[in-house]
Amino acid sequence: MLPVMVWTVLLILSALGLLVAVLMPRRGLMAWSRRFREARRRALAEDALKHLHNAEWAGRPATVEELAGALGLSHDAAVRLVMRMQEAGWIQSAVPRLHLTPAGERIALQIIRAHRLWEQYLVHEARMPLPSVHAAAHRLEHYSSPETLDALEAAMGHPMVDPHGDPIPTARGEMASPAGRPITEWPLNTLARVVHLEDEPAAVFAQLVAAGLSPGQLLRVIAADERRLVLSDGQDTITLAPVVAANIFVDAAPEELAAARLRRLTDLASGEQAVVRAIEPALQGFTRRRLLDLGLTPGAVITRETTGLFGDPVAYRVRGSLIALRREQARHVIIGEPLAKEAA
């Protein structure tokens, strides 16, 4: 049992807290609770606007029932949410479908921009695993000012797409149409660039990530039938069921790479030299900037020198400097055919 003195102190603190809440409504517990509820309502409305925009973008019908299922709300709660958004001038209803107004579309694009910029940052700068970034970006998107997003975008070099390959809206609310077509429709032995990985359903997306696939990656379809697609990045092969591979969208690889056999820096034997042709677009963020800072720019001659004790990292000489690269970094460097000794 607590001593009387402790009980007295607790009662005094409770009384003081109540007094602060009454006399200082902007800083007290009641004000905090009110701000918390308002923030939750705003975040829910923003989630609804984002969902409606994605539905319209995909050409899917958006109804109150569909919105309730997507947000995990009861039918009555979804109706109340729709009514609040109608009063705010963000949506209009043409029973049974819901449509965004221009004002609602502007807010939806702001939230989508925030979400995709944060996903890009978390993957390529914070190096968070791709399957984990969606939930983190979802929390951050509701609390990011336009100034914060502008600074984030500039720091990352104004990326055009997020880690899934989805276009990032501009600050003016402009968004490009998704590019590419399913790799199941791509011709055999023609180099392609991955432009998008569909993240729904989640189980299929997890399988694509586990296979090491990412937007910007260069691939060829080397075999295909009703049961499987076999993909090659020039070193490794990936075998997928067609229903899974259909979630990979590709377009034509850059012209300077499309005609040549795809060679990577990891193909270079000890003592061989080659010319750097490009850094694979799949490599972004800090690691890409580091490789460029080390001199791995198109036209640079690079020589494989020595291998580490356990085979990784490997030492390379480029622009007069000796650098060490791990296999995971070197495999993103595209090179030409090895140079003849006398030509090196």
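Take the conditions (1) surrounded by 11 or more Cβ atoms within 10 Å (Cβ to Cβ); (2) modelled with pLDDT of 85 or more; S74 misses just one of them, which is (1). Condition check for G157 on (1) farther than 23 Å from P129 by Cα; (2) assigned to a loop (DSSP other than H, G, I, E, B): one failure, at (1). Against the numbered list (1) modelled with pLDDT under 90; (2) over 12 Å from the mean Cα position of the chain (by Cα); (3) more than 22 Å from V194 (Cβ to Cβ), T148 comes up short only at (1). The stretch 177-276 holds helices (runs of 4 or more DSSP H) entirely within its bounds, and those carrying 3 or more residues that are in contact (Cβ under 8 Å) with a residue 40 or more places away in the chain, outside the structural domain of G311 (by TED's automatic domain parsing) and over 23 Å from P298 (Cβ atoms) map to 202-210, 242-245. Within the stretch 314-327, does at least one residue satisfy the condition of being surrounded by fewer than 17 Cβ atoms within 10 Å (Cβ to Cβ), at pLDDT below 90, part of a strand (DSSP E or B) and not basic (K, R)? Scanning the stretch 314-327 turns up no residue that is surrounded by fewer than 17 Cβ atoms within 10 Å (Cβ to Cβ), at pLDDT below 90, part of a strand (DSSP E or B) and not basic (K, R). Take R172 and tell me if it is outside the structural domain of A282 (by TED's automatic domain parsing), part of a loop (DSSP other than H, G, I, E, B) and exposed (fewer than 13 other Cβ atoms within 10 Å of the Cβ). So R172 passes the test. Number of residues in the stretch 277-310 that are free of Cβ contacts under 8 Å to residues at least 24 places away in the same chain and part of a strand (DSSP E or B): the value is 0. Could you tell me whether any residue of the stretch 254-262 is out of contact with any helix residue (DSSP H, G or I) (no Cβ under 8 Å at 6 or more places or on another chain) and at pLDDT 85 or above? Within the stretch 254-262, not a single residue is out of contact with any helix residue (DSSP H, G or I) (no Cβ under 8 Å at 6 or more places or on another chain) and at pLDDT 85 or above.
In this structure, is S214 of a type in the set (S, T, N, Q), in contact with a Leu (Cβ under 8 Å, 6 or more places away or on another chain) and modelled with pLDDT of 90 or more? No: the conditions fail for S214.
The values are calculated or read from the model by the stated rules, or taken from the named source; none is laboratory data. Small disclaimer: the values here were computed from a predicted structure and weren't measured. Heads up, the Cβs are rebuilt from the backbone with ideal geometry, glycines too, and the neighbour counts pull from every protein chain shown.
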